[in-house]
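The values are calculated or read from the model by the stated rules, or taken from the named source; none is laboratory data. What you see is a predicted model; the values in this text were computed from it and never measured. Here the Cβ positions follow ideal geometry from the backbone for every residue, glycine too, while neighbour counts run over all protein chains shown.
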Amino acid sequence: MYPLRYMSSFFVSSSSVSSQEAIQLDGEILFALLKRVSPVAHRHLKKHKIDPILYMTEWFMCAFSRTLPWASVLRVWDMFFCEGVKIIFRVGLVLLKCMLGSQEKLKVCQGQYETMELLRSIEPRYMQEAFLVQEIIELAISERDIEKEHLSQLRRWKETRGELNCKSPPRMHGAKAIMAAEPPSRQDLKQHPTIIVEVPPTTESKGKKPKKTKTEKKKDTSPPLNPYPLPNDPTLPSDNLSPSESEHLQKDTPLQGSNQSLSSAEQDTYL
Amino acid sequence: MQKEHLFKVLVIGDLGVGKTSIIKRYVHQIFSQHYRATIGVDFALKVLHWDSQTVVRLQLWDIAGQERYGNMTRVYYREAVGALIVFDVTRASTFDAVLKWKDDLDLKVTLSNGKPVPAVLLANKSDQSREGLRSQIPKLDTFCKENGFVGWFETSAKDNTNIEAAAKCLVEHILAYEENITNNTDPDVVALPGYNNNTKERVRTRCVTCSKF
C-alpha cells in the first residue's frame, strides 16, 4: 500500500514487530544526528521527553509523501532513489532544524504537546521545493555518518533493550550500490508477460511479403522501432519476429526490474 | 476562579474501527467516508467548558491500530489518564481484540495510585448494525464490570451518536479521580490551577502582615 515497501532494501522486515524495531532504531539514529545538526532542537526534544517515534514514524514510513507538497515529494524521492537513505535522514533533520532550531522558535512551543503540534504543521516555506532541496544538499550528513551512528545506536539498543528481533542486513545506499551488489542476472532479464497477444495467422504476412523488402531497406533512415511491437505493426515483418523479440528482451530490462520490485513490495509489513 | 485541567486521553482499538473518525467528529464536527490509515500516532485537542468554574483540555492521542504489536505503545501511553477503547460492531474480531488492548494498556500505564486508568468501551459504527446491540446490552454490562471498563456506549461517528456522551463519561471518571487525589493529600501542598495567583496573594498578605509588625 505504501510506496515505502519499495524501500525494503533499507528496512528489510518480515513482521510488523521487526519493522517497528527498525523504525525505532532509525528514530534513535535521527535523534543522535540531530545533536550535530541543531543542538538547540536536540536539547528541546530531550527536555520535553519527545520520543522520535512521536514525530518521525509517518515521515519515514511514508518517505515524506504525507508531509511534503507533491513537487517536493518528487524531488526528495528522486534524490532518495539515486543516493539512498541518507536523503530521508537529511530531510528529517532539515525539518527539525528549521522548526525547532532557535530559541526564538521554541518560545511558542513550551511543552510536549505543543512541540508535536508544531512538527505536524510545518511551515510551507521550509517544505518549498527549491528551499528544501538546497538545504538537503548542503546538510553535511554523509552515508558514513549514518552508518557510524547506526552501529553505535545498535550497540546502545542491545545494552538497554536486548537483542533485536530483526537482524537487518547492511543498508544499500542508493541505486548504484544496489546494482553493484546484485547485478541483474540473465534470469531477471527474461520477460514474464501477463498479457499475451496471439501472433496473427501466416496468411496475412504472406500478403505483406512484397512490402517486406522495402521496409528492410528503409530501416536505417526510419525512426527507431517500437520497442513494444504489436503483432500487426507494419514496420515489423512477421518472420523477423523471433530474433527481434530476443532483442527486445534486453531492451526491456529496466522496466522488468522495476516491475519486480513493485510486486515484491506488495507485502505491506507496516500494516 | 476558573480551574483548568489538562488530560491526556488515548483512543485505541483495532485497525479500521473508526478511532480517527470518532476524534474528527468529536473535535472538528466532520465525518468522511474516505479511509486513510493512521501511521504511528495523531493528535487532537478538545476544549470542554465543563462548568462555570472548570475548563477541561483533552489531548486526544489517536494511536494507529497496528501498533499493539511491539513495544511502541509504551511510548504512546505514557502519562495518559484515560482511554477510549473502540471496536467495530460489524466485525467480531475487533471486539475480540478489545481485551488485548485493555491488557496492553493496563500493563504499560497506571494512575499515580497504581490503579488502572479509567477506560470507556465504544461500540462504533452503530449506524451499520441492523438491530444494534440492544439484545447484547446485559452482556456488555457484565463484560465491562468483569474487565474494568467504567462504561460502554454504542457510537456512530457518521451519525454523531453518543460520542459526546462517551467522552463526558470518561472525563467524569478522570475528574473524580483527580478530586479524590486532591482530597487525600496534604492541603498545604495542593497545586491548584491558579497557583501563581494564590502565592502572589499569600506573599502580599505576608508582606502586609510583616509591615504591621
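Annotations for the structure displayed:
- Complete set of residues in segment B:25-64 that are more than 22 Å from residue B:82 (Cα to Cα), more than 13 Å from every other protein chain (Cβ to nearest Cβ) and surrounded by 11 or more Cβ atoms within 10 Å (Cβ to Cβ): B:31, B:32
- For residue A:95, the conditions (1) within 14 Å of chain B (Cβ to nearest Cβ); (2) in a helix (DSSP H, G or I) all hold with the exception of (1).
- Breaking point among (1) at pLDDT below 90; (2) exposed (fewer than 14 other Cβ atoms within 10 Å of the Cβ); (3) part of a helix (DSSP H, G or I), for residue A:177: (2)
- Whichever residue in segment B:7-24 is over 22 Å from residue A:112 (Cβ atoms) and within 14 Å of chain A (Cβ to nearest Cβ) and, among such residues, is surrounded by the most Cβ atoms within 10 Å (Cβ to Cβ): B:14
- Elements of type helices (runs of 4 or more DSSP H) contained in segment A:7-50, each with 2 or more residues being modelled with pLDDT of 95 or more: A:16-37, A:39-47
- Scanning segment A:134-148 for residues that are within 21 Å of residue A:98 (Cα to Cα) and free of Cβ contacts under 8 Å to residues at least 60 places away in the same chain yields a count of 6.
- Taking segment A:55-83 as the range and being part of a helix (DSSP H, G or I), within 14 Å of another protein chain (Cβ to nearest Cβ) and free of Cβ contacts under 8 Å to residues at least 24 places away in the same chain as the test, only A:58 passes.
- In segment B:16-51, the residues that are closer than 20 Å to residue A:61 by Cβ, of a type in the set (Val, Ile, Thr) and part of a strand (DSSP E or B): B:41
- Among the conditions (1) within 29 Å of residue B:176 (Cα to Cα); (2) in contact with a helix residue (DSSP H, G or I) (Cβ under 8 Å, 6 or more places away or on another chain); (3) not polar (S, T, N, Q), residue B:72 misses just one, which is (1).
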